[in-house]
Structures are given as C-alpha cells and as structure tokens.
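Data block below; observations after.
Throughout, read-outs are computed from the coordinates displayed, never taken from laboratory work. In this text, all values refer to a predicted model and were calculated from it rather than measured experimentally. In this analysis, Cβ positions are derived from the backbone assuming ideal geometry, glycine residues included, and neighbour counts consider all displayed protein chains.
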Amino acid sequence: MGKSIEVILLEDVPELGRSGDACRVRSGYARNFLFPQKLATTMTAGTKRLIEKKRAEAVVRLSKEKEEAEALLQKLEKMTLTCSVKANADGRLFGSVSAGDVLAKLAAEGIELQKKQLAMHEPFKSLGEHEALLSLHPEVRGKLKVKVVAEKAAEGSAKAE
C-alpha cells in the first residue's frame, strides 16, 4: 500500500465525510481505523456502484431530516421559553441561564435537542427576553426566544392564574 489510498465511506465519519463519499486518506488510517470499524471500503469498480446506491439513500435521508428539522423549527420559533432564576430586588441574577438550562427546559416541554444544535455564545446574565440561535440541520437555522424572569415574579404570576 502507498502513502494514501482512495476509499468509499460506508457510514458518516466526522471530519472526513458523509456516507457514500469517495475520500483519499492515509493508508494507516484506513487500515487501522476505517476498515476494522467497517466505516469504509477500498475503491473498486464494484464499489463505485455502491457509491451510487449510498448517494441515493443519502439524498432521501437528508431530505427527510430537513423536512423534520423545518417542522421542529416552526414549532420552536412560535414558542417563548420562560426560565425562572433567583434574582435580587434590583433584578440582578444569582447565576445565569446556560445552554444546559435551556435544553433541560425544552426537554421538560417534550422537545429533545442536542447541545450542538443550540448556539449560545455566553449564558444569559440579565432579566428580559433573549434569543438563542438554533442549527437543526445544515440548511435549517432559526432563533429561539428565551424569557428570563425572576423566580419570585414567576411564582406571583402562577398565583395570579
């Protein structure tokens, strides 16, 4: 084997490519990692037909994932997530609202997201309305409204209802 060989990915490999892609990789990487894990196979005439089959499957899968992501995005953009946090009389928070807090609140609502799908560059450290960026699919992006309220105010509004 030479220094690099051409392989076809059988599964999605992070930092390398998606299923059905033809890639040129170092022979050691292919021999020691990709082949034993059954993530790739060597490029031959027969495997070129496999590429076409995998690409067709990938197109169908990606379109289905995109439709699901768009439906979820529409649901999330209509929603305003309310997080109650301890705060003093001046409105200063005793802590902050992090991405983990937002994800936990969404999970309580029945919506499961991964941490990489929610982009918060820094935690919310003040009361009021904030926006968190969503990346549900490479082509589907949006914003989630997060309202941070003081815990006592949240209890007061619950008693008023």
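Values as computed for the structure displayed
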| quantity | calculated |
| --- | --- |
| Lysines with Cα under 23 Å of K115, excluding same-chain neighbours fewer than 8 positions away | K64, K66, K75, K78, K105, K125, K143, K145, K147 |
| Helix-only mean residue ellipticity at 222 nm for the chain, each DSSP H run of n ≥ 4 adding -39500 (n - 2.57), per residue, nearest 500 | -11500 deg cm²/dmol |
| Kirkwood hydrodynamic radius of segment 79-160, Cα pairs, Å | 13.4 Å |
| Rg in Å to one decimal, and Dmax rounded to a whole Å, for the chain via C-alpha atoms | 23.0, 75 |
| Spin-label pair S96/T44, simplified geometry with 7 Å Cα→Cβ offset, distance in nm | 5.5 nm |
| Inter-centroid distance (Cα atoms) of segment 120-142 relative to segment 17-92, Å | 21 Å |
| Kirkwood-type radius of segment 4-65, with distances r between different C-alpha atoms, in Å | 11.7 Å |
